[in-house]
Every structure is written in C-alpha cells, then in structure tokens.
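Peer 1: This is the structure I have questions about; it appears just below.
The values are calculated or read from the model by the stated rules, or taken from the named source; none is laboratory data. Fair warning: this is a prediction, and the values are worked out from it, not measured in the lab. Counting neighbours? That spans all protein chains shown, and the Cβs are built from the backbone with ideal geometry, glycine included.
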Amino acid sequence: MKENEKAALITGIGGQDGSYLTELLLEKNYTVHGMVRRTSNLLRSRIEHLRRDEKIYGQRFFLHYGDLSDGTTLRRIFRNVRPTELYHLAGQSHVGLSFEIPESTCEEAGMATLRLLEIARDQPAPVRFYHASSSEIFGNATETPQTEKTPMLPTSPYGCAKAFATQLARVYRQSYGLFVCNGILYNHESPRRGENFVTRKIARGVARIARGLDVDLVLGNLESRRDWGRAQDYVRAMWLMLQHKAADDYIVATGETHSVREFVEAAFAIVDLPWEKYVKRDPSFDRPTEPANLVGCADKIRRVLEWKPTGTFPQLVREMVEAELAAIEIKSGQ
Ligand code: F7E
C-alpha cells in the first residue's frame, strides 16, 4: 500500500496523545479521521489549530461525532471511513478518578475496546489496530523493571479495565489473526497533558505562583514515583507498532523513575522559588491504593522497532513550566 492511501481513525483525538498523533500522521501524508463526542463546547483546544486550517480540515483531516458506548455509530463511522489503521486512545484515563466512577471507567476502558475489536474483526479489509494499554495493568508488579511478560496485577479500577482490554486484544490476535498491538505505555507528559494529572498540575501551579496568580499548590502523595517520558515520543511508538510486519505488544518507557517531589523541586527551581513555601499536602488526593514500583523495560521496542525516548527528565519539566509561563503571557497580552 502506498503511504498516501493510508487512512487512520483515532478515538480520543482531542486528548494529548490524539493531538500529537494527528500531527504526526498528517506529516506522513495520512488522511486522519477523528471521533469526537458531542459536547456543548465546540472548541477542542489541542486540535483547534488543525481544524482551523482550511488546507487540512475537510481535505485530509475529518472529525466525526461518535461515542464509545454507541456501537451503531461506531460501525457507521467504520463503513464511511474504511480505516487502514485504528488508534484506540479514548476513555476516562485518570486513575484516581476511576475509584470514584468505576463503572463508567470500566465501560470506556474495557467494554468499548471489546466493541471495537468486534467491529475490526467484521471489516471486509484488514485493519491494523492499536490499543492504548497502560503500565497500570502491572499494579503491584511482581518484578522491576516490568517487561511484556510481567503478570498483570492491577490495583485500580482503571488498571483492571486496561488489563481486561489488553488480554482481549491478545485473544483476538491469537484467535482471529487480527493485527492488534498493545502499547503498554508508562506515564507520558507534555504541555498538552490534562490539568488534573500531576505533572501538568505542578507546571501550571508553579507558573501561576511565579506570576502572582496563585498562592499555593495543593498536592497528594509527594513520594510516589513514576517513569515519566515525553508524549511526542510515545505517539511515534504507537505508529511504529502498526508499521511492523507482525502485530505484538510493546512496553514504552524510559526505564527511569522520579518522585513527585523531584518534579516539584525541578519545577520550582526553574522560576527560582523555594517549593517548601508553596506546596501544601492534602491527603484527599491520595488513592486508596498505589501501584508498587512502576518502571518499564523498553528493550523490545528499542530492538525490534528501533524506538528510543528523547530528552531528559529536567528538559521535560522545563518544557512544561515554560509552556505555562508563555500561556500566561499570551493571556495577559490579550
Ligand atoms: O499521578 C501522585 C499520584 O494522575 C501520578 C495516566 O495517564 O499514567 C497516568 O496515571 C502520581 C500518582 O498519573 C497528586 O498519587 C500526587 O502516584 O499524574 P497522575 P497516573 O495515576 O500515574 C498511567 C500510565 C495511565 O495509564 C493513566 O491513564 O502522582 N500525585 N499528588 C498526584 N496525582 C494527581 N493527579 N494529582 C495530585 O495532586
């Protein structure tokens, strides 16, 4: 197949990963179709620049109203778009929130993936299917670092739903020969990260404190450690998985962990303020359980797909804090 015949369908196109992936695929000459939920707010900030670009929108970039719970519409979108690649990224992805809204989280992260696997199985032409799995499937991991073979022991409703969907993807690959890959992604961040994830919350809070817009930053567990990478690198990994000759599962990670406290220290250092003065601890942000020691071994994707992460932890923190400072500047200039 020629590159320009490729049509990608992305669920969750309005999110951090969906927006970076759209940019990457447009660069690679794909036609990109995104599924969006009908909301009263028309503005989708992360993809607005593409939607406003007349040379792209309606030419090589299209949005379709749909909902993960609505199988009829999903099938209709498939019939109209006839995607050669499906990137399934949508669904409630906040781990803490999944303890509060477990049913809808499991519907979206679990059952909706099954629905899409069934639709993909019924397509007249083969579809390459990317499933956004997560390091949360490992939960209380039995080994460190985790590999594709580490047993799944999730510790949150979100992790359970992702484990269910990850195993189903394997079953559909083995039983029906479906080309489906699980990208087992560790935390990946950017200035486009949702505001209630800890890195963005810190970057935003630090910038607001530095500019006198806030007086403190209220956080949960500062000792939590995560394997944090750059979202832009991780969407490239998604694409690479679907270009390989065989479908498989891959860990995508940096192999390095840092604590929330280290992120806080690095972020406040950028604006030259003492973090201890501003950070308050609120146990209501703690989760009922935390995964033990999540750090990924990305040897397989490095070897097979020649993927590697770019940048360092301090660079990531800087990129995020500087983006927040710039956003405040733009706003105050308006
Ligand atoms: O929390 C701690 C919190 O919400 C990171 C999702 O993309 O990555 C993400 O899940 C850590 C946790 O991400 C606050 O307790 C402290 O230990 O940024 P987070 P996450 O839960 O790791 C995985 C791979 C996914 O798949 C998920 O979809 O930071 N923490 N204080 C806090 N976290 C939040 N959100 N807010 C705080 O105030």
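Peer 1: Which of the residues spanning region 47-95 are within 16 Å of the ligand (Cβ to nearest atom) and in a helix (DSSP H, G or I)?
Peer 2: Hit for region 47-95 is VAL95, nothing else.
Peer 1: What is the number of the single condition among (1) more than 15 Å from the ligand (Cβ to nearest atom); (2) in the same structural domain as VAL321 (by TED's automatic domain parsing) that PRO124 does not meet?
Peer 2: Result: PRO124 passes all but (2).
Peer 1: When you go through (1) outside any loop (DSSP other than H, G, I, E, B); (2) under 24 Å from GLN146 (Cα atoms); (3) of a type outside the set (A, V, I, L, M, F, W, C) one by one for GLU276, which number turns out not to apply?
Peer 2: (2)
Peer 1: Then there's this: Would you confirm whether any residue within region 233-255 is in contact (Cβ under 8 Å) with a residue 40 or more places away in the chain and near the ligand (Cβ under 9 Å from one of its atoms)?
Peer 2: No, region 233-255 contains no residue that is in contact (Cβ under 8 Å) with a residue 40 or more places away in the chain and near the ligand (Cβ under 9 Å from one of its atoms).
Peer 1: Is it the case that region 98-112 has a residue that's surrounded by 13 or more Cβ atoms within 10 Å (Cβ to Cβ) and away from the ligand (no atom under 16 Å from the Cβ)?
Peer 2: Yes: one or more hits.
Peer 1: Which condition does TYR172 not pass, out of (1) out of contact with any Leu (no Cβ under 6 Å at 6 or more places or on another chain); (2) over 15 Å from GLU290 (Cβ atoms); (3) touching a residue at least 40 places away in the same chain (Cβ under 8 Å); (4) more than 12 Å from the ligand (Cβ to nearest atom), if it passes all the others?
Peer 2: (1)
Condition check ((1) assigned to a loop (DSSP other than H, G, I, E, B); (2) touching a His at 6+ places or on another chain (Cβ under 6 Å); (3) free of Cβ contacts under 8 Å to residues at least 12 places away in the same chain; (4) over 28 Å from ILE184 (Cβ atoms)) across all residues:
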{"site": "ALA266", "(1), (2), (3), (4)": "no, no, no, no"}
{"site": "PRO288", "(1), (2), (3), (4)": "yes, no, no, no"}
{"site": "ARG302", "(1), (2), (3), (4)": "no, no, yes, no"}
{"site": "LYS331", "(1), (2), (3), (4)": "no, no, yes, yes"}
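Peer 1: Do you know which of the residues in region 207-232 that are more than 13 Å from the ligand (Cβ to nearest atom), of a type in the set (A, V, I, L, M, F, W, C) and not in a loop (DSSP other than H, G, I, E, B) is surrounded by the most Cβ atoms within 10 Å (Cβ to Cβ)?
Peer 2: Restricting to residues being more than 13 Å from the ligand (Cβ to nearest atom), of a type in the set (A, V, I, L, M, F, W, C) and not in a loop (DSSP other than H, G, I, E, B), the top hit is ALA207.
Peer 1: From the set of residues in region 141-187 that are in a strand (DSSP E or B) and not β-branched (Val, Ile, Thr), which is farthest from ILE119 (Cα to Cα)?
Peer 2: Among those residues, the one meeting the criterion is GLN146.
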